[in-house]
Amino acid sequence: TKVLGHLSQNELNYLKAPKKEEKLPVFLSKEEINKMLSIVHSNNDIRSEVLILFLYNTGCRPGEVSRVKIKDIDFNNKFVLVKKTKGKKERTAHMFDESFLQYLKFYTINKKDEDCLFLSNWNKPYTVKGITKNLKSIAKQAGIDPNKISAHKFRHTHAVHAIKSGVSIVSVRDQLGHSSIAITDKYTKIVDTIRRKDYEDHVPFSLKSNQKKSKYCLNCGYELPLNANFCPSCGAQQK
């Protein structure tokens, strides 16, 4: 306050706090998901296998998953009715992977309409805490850092993989039940980062046979060593 004491209130009103760096959501690779599926498959843990596939295919929030009942699944039209949560309206989350749908149908064949899709070992509705604990345990067995795993990470993974494959941001927004396109837009930033790194790593448009990276003088265009601070041709300092 003492430092800014010479400023008027109007001048202070123009000052803004520096923006916090936005952290991009953490997501899983297909390889990591397959590793987890391999573990539960080898353990004959059908419930966990369906859980992982359900989270990945629908992008539902953990709390939404814990409330899904058998009657909420429409196999003919390939969607699950997602009940209200966080003040949102009901919505449908679509499922288009045929092999998963068939497996889900097999998993639910002896369940009643009012049964929850996922039950704990104590025959109670699976809680978010229980789901996350189970997923972390599976990840550890698969050699994946458990700290990277939570039920919500699968929601991020669904969004990133969908946008990366070409699904429109509007469709992803509706699938996830976001109230604004701006919320969904953070996933496009992840995809853009992936694309940028892919281009930088492969240098696909280099016309040089050895694909080496080059640096050029900003003043005269002379080709420089990558660590050059000054141009040997014109003497200009390089940034």
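So is residue 135 over 26 Å from residue 179 (Cα atoms), modelled with pLDDT of 95 or more and open to solvent by less than 20 Å² (accessible area, probe 1.4 Å) or not? Steps first, please.
Numbers: over 26 Å from residue 179 (Cα atoms): yes; modelled with pLDDT of 95 or more: yes; open to solvent by less than 20 Å² (accessible area, probe 1.4 Å): yes.
For residue 135, the condition - over 26 Å from residue 179 (Cα atoms), modelled with pLDDT of 95 or more and open to solvent by less than 20 Å² (accessible area, probe 1.4 Å) - is met.
Would you confirm, using the coordinates I've provided, whether residue 175 is modelled with pLDDT of 85 or more and surrounded by 12 or more Cβ atoms within 10 Å (Cβ to Cβ)? It is true that residue 175 is modelled with pLDDT of 85 or more and surrounded by 12 or more Cβ atoms within 10 Å (Cβ to Cβ). Within segment 3-11, not a single residue is modelled with pLDDT of 95 or more and open to solvent by 50 Å² or more (accessible area, probe 1.4 Å). Residues in segment 138-151 that are within 25 Å of residue 68 (Cα to Cα) and part of a loop (DSSP other than H, G, I, E, B) were compared, and the one that is least open to solvent (accessible area, probe 1.4 Å) is 149. Taken over segment 69-108, the criterion of being surrounded by 15 or more Cβ atoms within 10 Å (Cβ to Cβ), in a loop (DSSP other than H, G, I, E, B) and in contact with a Ser or Thr (Cβ under 9 Å, 6 or more places away or on another chain) is satisfied by 95 alone. Of the residues making up segment 112-132, those that are more than 24 Å from the chain's Cα centre (by Cα) and open to solvent by 60 Å² or more (accessible area, probe 1.4 Å) number 8.
Suppose we keep only residues that are over 15 Å from residue 155 (Cα atoms) and polar (S, T, N, Q) within segment 23-63. Which one would you say is most open to solvent (accessible area, probe 1.4 Å)? For segment 23-63, the residue satisfying everything is 44.
The values are calculated or read from the model by the stated rules, or taken from the named source; none is laboratory data. Just so it is clear, the structure is predicted and the values come from calculations on it, not from any experiment. Every residue, glycine among them, receives a Cβ derived from its backbone with ideal geometry; neighbour counts consider all protein chains shown. Heavy atoms of the whole protein, side chains included, go into the accessibility calculation; ligands, DNA and RNA do not. Shrake-Rupley method; radii C 1.70, N 1.55, O 1.52, S 1.80 Å.
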